[in-house]
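Novice: One structure, as structure tokens, below. Some questions next.
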Amino acid sequence: MKAEPQIQHSASQRAPAPARSLHPRYPARRRFEYVFLFGLVAVAVFCGAVTYRSLRVMQTEQRLIELGAQYQWNHEVNRSQTSQTRRSIDRSLVNYFGKPAVSNFASVRLANGDPEDSQLQFLSGMKQLTALELQSNKATDRTLDIISKLPDLRYLSLAGNRFSVFGLLQLRNARSLKQLEIDTTLLSPIELAVLRSELTGVMLQDLNAQPDPRLPKIGIATEPAA
């Protein structure tokens, strides 16, 4: 008996395999579990970010206290220009989460102890600082390099005899700076002329001169740090 020949089917004649769904449908319970886990991860990330921010701000506040500084928080400045609703929201957030979690430092006065450059390095983290008064005969141009990188700084008062004109010229990088107070008697007429020409858009004031009441001045804290 002859064996029947085996019929070979071509690839085009074979039955197509069932297509796999690229987006399989999960049962409702499985979808709920994924949404719940995603929510937990989001809450954990948010709490971690708030905690990290609070710790950083608290460390900065501790350094300010150690230096005997005076300061104001962002939510305490320009209250007259803020709506009642916004003030109520800010007050509620501060009362619930605490100042370090939702606010930051707006103005700082460092007028005690002649802090050195190493003691002022923390200023680099005060990105929302708008006003700074620094009185120190130990701080040098290295501190000016840090100050020049503060993005929101608009008012700066410097009292010290170790700042050179080259260090002051670094303030060209302070893009928000509008007013600068220095002791002009420590600079020669040529240095003062160079400084005025390079710091375009900055009102240069002499610390020893009577303040001009027509010039706006950002408020600096008058109460000592607690």
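Novice: What does the charge count near G201 come to, summing +1 for each Lys or Arg and -1 for each Asp or Glu among other residues with Cβ under 14 Å from its Cβ? Before the final figure, lay out the partial values.
Specialist: On the way: positive: R154, R172, R175, K178, R196; negative: E198.
Overall, the nearby charge balance is +4.
Novice: Largest first and in whole Å, what are the equivalent-ellipsoid semi-axes of the stretch 38-194 based on the Cα gyration tensor, each being the root of 5 times an eigenvalue? All intermediate terms of the calculation are to be shown ahead of the outcome.
Specialist: Details: eigenvalues 228, 59, 42 Å².
Three semi-axes, in Å: 34, 17, 14.
Novice: Next question. Can you give me the convex hull volume of the Cα atoms of the stretch 128-195, divided per residue and expressed in Å³? Walk me through the numbers on the way to the answer.
Specialist: Working: hull volume 5.0 nm³, N = 68.
Dividing the Cα hull volume of the stretch 128-195 by its residue count gives 73 Å³.
Novice: Points 7 angstrom from Cα along the Cβ direction at E76 and Q170: gap in nanometres?
Specialist: 2.9 nm
Novice: How much length is gained on full extension from S124 to A49, taking 0.36 nm per residue of separation minus their Cα-Cα distance? Walk me through the numbers on the way to the answer.
Specialist: On the way: separation 75, 0.36 × 75 = 27.00 nm, distance 1.96 nm.
Difference between extended and current length: 25.0 nm.
Novice: Calculate how many DSSP beta bridges within the stretch 27-206 are antiparallel, expressed in % of all such bridges and rounded to the nearest 5.
Specialist: Numbers: 4 of 20 bridges.
Beta bridges within the stretch 27-206, antiparallel portion: roughly 20 percent.
Novice: While we're on this one: List the aspartates and glutamates whose Cα sits under 12 Å from the Cα of K127, skipping any in the same chain fewer than 8 residues away.
Specialist: D152
Novice: Now for a different question. Where the centre of each part is set by its Cα atoms, how far does the stretch 163-211 sit from the stretch 37-63, in angstrom?
Specialist: 39 Å
Laboratory data are not the source of any read-out in this text; all were calculated from the coordinates shown. Fair warning: this is a prediction, and the values are worked out from it, not measured in the lab. When we count neighbours, we look across all protein chains shown, and the Cβ atoms used for this are built from the backbone with ideal geometry, even at glycine.
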